[in-house]
1. Within segment 39-51, how many residues are more than 9 Å from the ligand (Cβ to nearest atom) and surrounded by 12 or more Cβ atoms within 10 Å (Cβ to Cβ)?
2. If a residue must be of a type in the set (A, V, I, L, M) and either crowded, with 20+ Cβ neighbours inside 10 Å or within 16 Å of the ligand (Cβ to nearest atom) (or both), how many such residues does segment 11-24 contain?
3. Could you check Leu117 against (1) closer than 26 Å to Glu186 by Cβ; (2) free of Cβ contacts under 8 Å to residues at least 60 places away in the same chain and say which number it fails?
4. Hey, Met33 hits all of (1) in contact with a Gly (Cβ under 6 Å, 6 or more places away or on another chain); (2) farther than 30 Å from Gly129 by Cβ but one; which does it fall short on?
5. Answer with yes or no whether Ile130 is buried (at least 21 other Cβ atoms within 10 Å of the Cβ), modelled with pLDDT of 95 or more and not in a loop (DSSP other than H, G, I, E, B).
6. Do we have Thr486 as assigned by TED's automatic domain parsing to the domain that holds Val392, touching a residue at least 12 places away in the same chain (Cβ under 8 Å) and among the hydroxyl-bearing types (Ser, Thr, Tyr) here?
7. Output the residue which, of all residues in segment 280-328 that are of a type in the set (Ser, Thr, Tyr) and in a strand (DSSP E or B), is nearest to His134 (Cα to Cα).
8. Can you find even one residue in segment 250-270 that is open to solvent by 40 Å² or more (accessible area, probe 1.4 Å), within 27 Å of the chain's Cα centre (by Cα) and not assigned by TED's automatic domain parsing to the domain that holds Val347?
Amino acid sequence: MTTTLPAYDEVVARYEPVIGLETHVELGTNTKMFCGCPTDFGGEPNTRVCPVCLGLPGSLPVANKAAIEATIRIGLALNCSIATWCRFARKNYFYPDMPKNFQISQYDEPLCVDGYLDVEVNGETVRIGIERVHLEEDTGKTLHVGGATGRIHGATESLVDYNRAGIPLVEIVTKPIPGTAALAPEVARAYVTELRDVIRSLGVSDVRMEEGSLRCDVNTSLNLPGQEWGTRTETKNVNSLRSVERAVRSEMLRQAAVLDAGGRITQETRHFHEDTGDTTPGRSKETATDYRYFPEPDLVPLAPDPAWVAELKAALPELPRLHRRRLQQAWGLSDADMQSVLNAGAVELIEATVAAGATPAAARKWWLGELSRRANESGVELADIGATPAQVAELQGLVDAGKLNDKLARTVLEGVVAGEGSPTEIMTNRRLEVVSDTGALTAAVDEAIAANPAIADKVRSGKVAAAGALVGAVMKTTRGQADAQTVRTLILERLGVSA
Ligand SMILES: [Zn+2]
């Protein structure tokens, strides 16, 4: 079915979007949520399993304290109230990658409730309400093989890997977010970005969207101004920050087309497609009663000691937003300059380069200039470019000491990125150091003068501008390693002309 989509500007002029985000974060604990199996990514299928996470009869779960602590810290960082008493619940449904046929989750008694996260969008602060933060266990993974797309359609068989089953998973649910109008897609992206940074600063998860340790479901609805909120759809497992933004936008356009044609929105889950940027229907959305939740009888209730919670709160690190503000001040950057640092993903890199001894201006110059350009060209994240903050600081140290000029420094950096060693090693091995020895330079100057007698005569007769050609000749014989200004002064000196 092909429908012509309306223009985005028209959609936001006619409709008001309401968005909401559900984010799942795999915790980086050493062991699973209810058993002692290891959690690290990438093991051979079904090698990190035991009777508990395989749901074998008679096995009993025991809650992982480190996971509870991590969830409370996330809740505190998101300004939530922490329950003094709550329970796990069974969420019943059948799926091959869930061996017990129920998931241990939390239902009406989540561990953390009613918080908020402030995010910046176009220089404005938007406060996103947090409905709840709860703890549950992850499912296994189903792999459909034999088909072209990796989806079940067209597959000849399906394989199940239970290594992921039982890994602690934190679900963070926002309150509905109305009033964002045309900015809805950007607000959604800014929220997930900020949430990722907050969780990373807590050190409780590696929050890698591409490895699935942070997964996002995006709820979107449209309503006419002044009317009740519309029926929402839930776009599942959106796997990058850019996709979060695209998924909201594409759902807004699709729903507007349906509503414009007099249709109704079906409450359903939808799949986002990276390649086309649009969504297709999944299953019609279950309601809570479909899951027949009831309190988990095999686990005792959870009653975190308020004194422990207060201790965790006092020990929270500086959160990213405040940290960024402090850095911006220390580095003396305008809002726009700070924004380009953020967009380049260079905050931590610059911070570490400054810590290694470079000035903020020099650190920013390398990371946002030469290194960003190389990262873009080779399509990698700046942090994965192959140069470390310590190496960048060392390179700048060589420039400051007069051993490298800007052009040579860029050549050295090329070697660093190629893995040839430290800047000093590359400078030495490739003999890139600036020639500052006047004796060697004078010899090169005399050679250039002798090789270009006509030009030398011109300069002697007062045409000082002609000296440029001689400077060029010397730079060539010294392979760009001389200081051009020094060369020029020497040439004029040797030809008896005052500068
Ligand atoms: Zn296990």
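1. The number of residues fulfilling the criteria is 5.
2. Here the count works out to 3.
3. If we test Leu117 against (1) closer than 26 Å to Glu186 by Cβ; (2) free of Cβ contacts under 8 Å to residues at least 60 places away in the same chain, just (2) comes out false.
4. (2)
5. Considered against the rule, which asks whether it is buried (at least 21 other Cβ atoms within 10 Å of the Cβ), modelled with pLDDT of 95 or more and not in a loop (DSSP other than H, G, I, E, B), Ile130 comes out as yes.
6. No; evaluated as a whole, the condition is false for this residue.
7. Step one: list which residues in segment 280-328 are of a type in the set (Ser, Thr, Tyr), which gives 280, 284, 287, 289, 291, 293.
From the residues that got through so far, the ones that are in a strand (DSSP E or B) too are 280, 284.
Details: Thr280: 29, Ser284: 24 Å.
Top of the filtered list is Ser284.
8. no
The values are calculated or read from the model by the stated rules, or taken from the named source; none is laboratory data. What you see is a predicted model; the values in this text were computed from it and never measured. Note that each Cβ is placed from the backbone with ideal geometry, even for glycine, and that neighbours are counted across all protein chains shown. The area values use the complete protein model at the heavy-atom level, side chains included, leaving out ligands, DNA and RNA. Shrake-Rupley method; radii C 1.70, N 1.55, O 1.52, S 1.80 Å.
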